[in-house]
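To keep things clear, I will list the structure first and then write my remarks on it.
The values are calculated or read from the model by the stated rules, or taken from the named source; none is laboratory data. The model shown is predicted, which means the values in this text are computed figures rather than measured ones. Here Cβ is always computed from backbone atoms with ideal geometry, including for glycine, and neighbour counts include all displayed protein chains.
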Amino acid sequence: MQANPAETIPERTHYRACNLCEAICGLEIRVRGTEILSIRGDAADPLSRGHICPKAVALKDIHQDPDRLRKPMRRTAEGWEEISWDAALDLAAERLVAISQQHGAASIAAYYGNPNVHNYGSMTHGSRALAPLKTRSRYSATSVDQLPHQLLAFRLRQMGDHGLARRAAMHRRARPSASPVGCSRGRPLRLKGRAPTVWR
């Protein structure tokens, strides 16, 4: 009985760090040749201690996805065609220059996602690549997620306790109440000439 050729390839275990977010969880990746057998949390990692999220487990699916792009493609009238890396980079440079000249520098935007922080090429060359484009349209996970929360916290702080109480009162006046009309906590309301309001 002949052995399965795949079984003659020895298994190896690689220890890596997930690059999908700032947690940088430790990974234990078992492979046989180019095939990924499993992705688990690295129990010896001092920070994640063997815990990982579904994104790390899905790295195997991304790597082995049959629809994953592995070479540059260009859309033509007949469909998609494969092109070389040199042709792809030349095409990207030509289009970036043409779009900038026609619509202005701000028409080109850049988005910095979390994996850029874990990529030496992006960290060392990303800003230099964007500098000649002179665009101010730069976005990141921070601008999508964190900044709205920070702006809200800043506005609430500006309003202070008095502003919050005033807004709460406005909402209470607009909602139906089980309290007697014209009374709030047993006291009659005086609203500068307005009709008595129903309070909760």
**Message:** It is to be established whether one or more residues within segment 93-100 are polar (S, T, N, Q), within 24 Å of the chain's Cα centre (by Cα) and surrounded by 11 or more Cβ atoms within 10 Å (Cβ to Cβ).
**Reply:** no
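Could you tell me which of the residues Glu82, Glu22, Glu28, Glu78 is touching a residue at least 40 places away in the same chain (Cβ under 8 Å) and either farther than 27 Å from Leu133 by Cα or touching a strand residue (DSSP E or B) at 6+ places or on another chain (Cβ under 9 Å) (or both)?
Glu22
Looking only at strands (runs of 3 or more DSSP E) that fall completely inside segment 1-119, which ones have 1 or more residues that are under 28 Å from Gln146 (Cα atoms) and hydroxyl-bearing (Ser, Thr, Tyr)?
On the way: elements: 11-17, 26-32, 35-41, 73-76, 79-82, 110-112.
Strands (runs of 3 or more DSSP E) meeting the threshold: 110-112.
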**Message:** Conditions first: (1) more than 14 Å from the chain's Cα centre (by Cα); (2) modelled with pLDDT of 80 or more; (3) more than 19 Å from Asn19 (Cβ to Cβ); (4) in a helix (DSSP H, G or I). His125 passes all but one, so which condition is the exception?
**Reply:** (3)
**Message:** It is to be established whether one or more residues within segment 18-27 are closer than 30 Å to Arg136 by Cβ, charged (D, E, K, R) and either surrounded by 11 or more Cβ atoms within 10 Å (Cβ to Cβ) or out of contact with any Asp or Glu (no Cβ under 8 Å at 6 or more places or on another chain) (or both).
**Reply:** yes
**Complete:** Among (1) over 23 Å from Ser140 (Cα atoms); (2) in contact with a helix residue (DSSP H, G or I) (Cβ under 6 Å, 6 or more places away or on another chain); (3) not acidic (Asp, Glu), Ser38 falls short only on (2)
